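Enquirer: What follows is a structure written as structure tokens; I'll ask about it next.
The values are calculated or read from the model by the stated rules, or taken from the named source; none is laboratory data. This one's a predicted model, so the numbers in the text were calculated from it and none came from an experiment. All Cβ positions, glycine included, derive from the backbone under ideal geometry; neighbour counts span all protein chains shown.
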Amino acid sequence: MGELANAIIFYCLAAAIVGMSILAVTSRRMLRAATYLLIVLICTAGLYLLLNYHFLAVVQLSVYAGGILILFIFAILLTSSHGDRAYSHDKGRVIAGIITALAGIAITTWITMKHHFLYGENPALMGDRQIDMKEIGQVLIGTGKYEYLLSFEALSILLLTCAIGAILIARKR
């Protein structure tokens with residue numbers, strides 16, 4: 001694929017991710033929010049495919065879209081009454097959320113404009129080479145600079161905390 005086609009696919013996936021993320025956060029029905037989150041996860045897998053991270057795309061679809069999101073949907077269906085809706089927030093929280101979102105957009109834009117991303121010189125983006133599985137495994141489980149073992153450990157603690165919180169909420173009902 002050429003650079004123009006890659007750029008068009010990237011911008012379409014990015015627009016879908018941003019749009020569906022906003023819909024997932026603002027939706028009043030929890031099941032619809034979970035459906036919007038599913039579309040976000042699928043589009044994220046599309047970005048991984050665009051970057052030639054085939055392994056991460058499959059993991060994204062099987063683990064997150066196929067496993068965790070289905071668990072969320074079952075939890076929603078089992079713990080909520082028929083027709084459960086999210087409560088509307090007061091104006092102060094909405095304004096604080098908008099200010100935080102605008103600050104996040106400003107910081108992200110500043111960082112993106114500050115760095116010079118060389119799109120045409122990256123062979124992974126052009127499809128010239130497949131990322132080696134050994135290289136992916138070393139980066140994911142390594143403990144050195146630019147390796148992510150600590151992130152995985154922090155994520156496991158976060159998921160354990162969420163599971164305990166869900167159990168406590170379900171027991172109160």
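Enquirer: Taking segment 133-173, which residues are over 26 Å from residue 52 (Cβ atoms), part of a helix (DSSP H, G or I), touching a residue at least 24 places away in the same chain (Cβ under 8 Å) and not small (Gly, Ala, Ser)?
Expert: Once the filter is applied, which keeps residues that are over 26 Å from residue 52 (Cβ atoms), part of a helix (DSSP H, G or I), touching a residue at least 24 places away in the same chain (Cβ under 8 Å) and not small (Gly, Ala, Ser), segment 133-173 yields only 169.
Enquirer: Moving on. Taking the condition outside the structural domain of residue 159 (by TED's automatic domain parsing), in contact (Cβ under 8 Å) with a residue 12 or more places away in the chain and either over 30 Å from residue 171 (Cβ atoms) or not hydroxyl-bearing (Ser, Thr, Tyr) (or both), does residue 71 pass?
Expert: For residue 71, the condition - outside the structural domain of residue 159 (by TED's automatic domain parsing), in contact (Cβ under 8 Å) with a residue 12 or more places away in the chain and either over 30 Å from residue 171 (Cβ atoms) or not hydroxyl-bearing (Ser, Thr, Tyr) (or both) - is not met.
Enquirer: Next question. If the Cβ limit is 7 Å and pairs must be 6+ apart or interchain, which residue in segment 1-19 that is modelled with pLDDT of 90 or more pairs with which residue that is assigned to a helix (DSSP H, G or I) and not hydrophobic (A, V, I, L, M, F, W, C)?
Expert: 13/46; 17/44
Enquirer: Here's another thing I want to ask about it. Take residue 40 and tell me if it is more than 23 Å from residue 105 (Cβ to Cβ) and either under 13 Å from the mean Cα position of the chain (by Cα) or not in a helix (DSSP H, G or I) (or both).
Expert: When the stated conditions are applied, residue 40 does not pass them.
Enquirer: Which is exposed (fewer than 15 other Cβ atoms within 10 Å of the Cβ) and in a helix (DSSP H, G or I), of 67, 46?
Expert: Sole residue among the options that is exposed (fewer than 15 other Cβ atoms within 10 Å of the Cβ) and in a helix (DSSP H, G or I): 67.
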